[in-house]
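A.B. asks: Here's a structure for you.
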Amino acid sequence: MPAISFEFFPPKTDEQRAQLDRAAQQLKTRGPEYASVTFGAGGSTLSYTGETVARLHREHGMEVAPHLSCMGGTRAEIAELLAGYRAAGYRRIVALRGDLPSGMASPGDFRYAAELVRFIREHSGEHFHIEVAAYPETHPQAEDALADLRHFQAKVEAGANGAITQYFFNPDAYFRFVDDARALGVTVPIVPGIMPIGNFSQLKRFSDMCGAEIPRWIAKRMQAHGDDAESIRQLSAEVVAGLCRRLLDGGAPGLHFYTLNRARPTLAVLDLLH
Ligand code: FAD
């Protein structure tokens, strides 16, 4: 089995907390390298990331990687978060720019993820293993694909140890991105981010927002199964497991699963990968 990691989001209600616990309980049996927890994603200004990583670390015994974005505030506020994570014994950070929540005027002291990575290195030296985001299908706000690749290169040169990609369903986009990054001299591991398909209409909405393309053949095959939930679940797992197999056969260094705090869609994919 390749190195795998799982991404969760911070629950906000007791019901969501119980859901996270159930998912973590089942997923940790698959021996993940670490579990990461998003930061303020989805436009919320309040962050429960610290509480959630502590729960996964203490109660589920997982190595954790809190996400941290430029929306985390000023240098002083981010320094405080870093000091807390260091004191808790965490060794990983996923460093991002984040997206400005609607109605929020100032994003903080850093404009781009590269600046945040540089600050983490200045503040904490080599203590943290830093991952950054990569976009095989190009970040939606980038001027063009080459500019985006150069901005990715800048994040690595600022001190990132590795990258996790936005999810995608076209393996060639990933291979092309990795080849282009290598041609620029970027040598860090680039781990594909995998989105197990749990709910197809939700996935379509998400994908429009983050610029991930759903190939026509996948959409058409989903439609063909209509409302038959069980056959859609099976098809989803087969499609995503097929993608994972191609990625691993082509040299991907591991797989990072966007679990959305549910174990079942990710486990269905992992079961097919054995
Ligand atoms: P950057 O690398 O800073 O890039 C942002 C944009 O600016 C790109 O278009 C880039 O080309 C451009 N750019 C970069 N540098 C420059 C420059 N110097 N001049 C001009 N243009 C530049 N969001 C959250 O809010 N919380 C999370 O926890 C979270 N986790 C994520 C995890 C992963 C693995 C991924 C792939 C994404 C995650 N996101 C999260 C989403 C992410 O915050 C958004 O995609 C955001 O819009 C970009 O973040 P970034 O770190 O890639 O930004």
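A.B. asks: Report the FRET efficiency, 1/(1 + (r/R0)^6), for D228 and Q26, where r is their Cβ-Cβ distance and R0 is 30 Å, rounded to 0.05. Before the final figure, lay out the partial values.
C.D. replies: Values: r = 25 Å, r/R0 = 0.82.
Efficiency computed from Cβ-Cβ geometry: 0.75.
A.B. asks: To continue, here is another question. Cut-off 10 angstrom, C-alpha nodes, Gaussian network model of the chain. Which of G61, G226, G108 fluctuates the most?
C.D. replies: Among G61, G226, G108, the largest mean-square fluctuation in the Gaussian network model of the chain belongs to G226.
A.B. asks: Something else now. Explain nothing, just the number: relative contact order of the chain, from Cα pairs under 8 Å at least 6 residues apart, as a whole percent.
C.D. replies: Computed over the chain, the figure is 20 percent.
A.B. asks: Note the full-extension length gain between A79 and H60 as 0.36 nm times their separation in residues minus their Cα-Cα distance, in nm to one decimal. Intermediate values should be presented prior to the final figure.
C.D. replies: Numbers: separation 19, 0.36 × 19 = 6.84 nm, distance 2.66 nm.
Between A79 and H60, full extension yields 4.2 nm more.
A.B. asks: While we're looking at this one, here's another question. When we measure straight from the Cα of K220, which lysines land under 20 angstrom away, once same-chain ones fewer than 8 places off are left out?
C.D. replies: K204
A.B. asks: At 0.36 nm per residue, minus the direct Cα-Cα distance, what do K12 and A145 gain on full extension? Give it in nm, one decimal, please. Provide the component values of the computation, followed by the final result.
C.D. replies: Values: separation 133, 0.36 × 133 = 47.88 nm, distance 3.63 nm.
Difference between extended and current length: 44.2 nm.
A.B. asks: Please work out how much length the chain gains when fully extended from R205 to Y112, using 0.36 nm per residue of separation minus the C-alpha to C-alpha distance, in nm with one decimal.
C.D. replies: Fully extending the segment from R205 to Y112 adds 30.9 nm.
A.B. asks: For region 3-273, evaluate the Debye formula with one uniform point scatterer on each Cα (no solvent term) and list log10 I(q)/I(0) at q = 0.09, 0.14 Å⁻¹, rounded to two decimals.
C.D. replies: The calculated log intensity ratios at q = 0.09, 0.14 Å⁻¹ are -0.40, -1.02.
A.B. asks: Moving on. Which trypsin sites (Lys or Arg not before Pro) in region 103-165 pass both tests, a DSSP loop state and at most 12 other beta-carbon atoms within 10 Å?
C.D. replies: Within region 103-165, the qualifying trypsin sites (Lys or Arg not before Pro) (loop, at most 12 other Cβ atoms within 10 Å) are R111.
A.B. asks: While we're looking at this one, here's another question. Quick one: which residues, 5 or more positions from V94 or on another chain, have an amide H under 5 Å from its amide H? H modelled 1.01 Å from N in the peptide plane, none for Pro or chain starts.
C.D. replies: H67, L68, E131
A.B. asks: For A87 and R221, what is the calculated FRET efficiency with R₀ set at 51 Å and r taken between the beta-carbons, to the nearest 0.05?
C.D. replies: The computed FRET efficiency comes out at 0.55.
Every number here is computed from the coordinates shown, using simple stated rules; none is lab data. All of these numbers come straight from a predicted model, not from anything done at the bench. Neighbour counts are summed over all protein chains in view; Cβ atoms, including those assigned to glycine, are modelled from backbone coordinates with ideal geometry.
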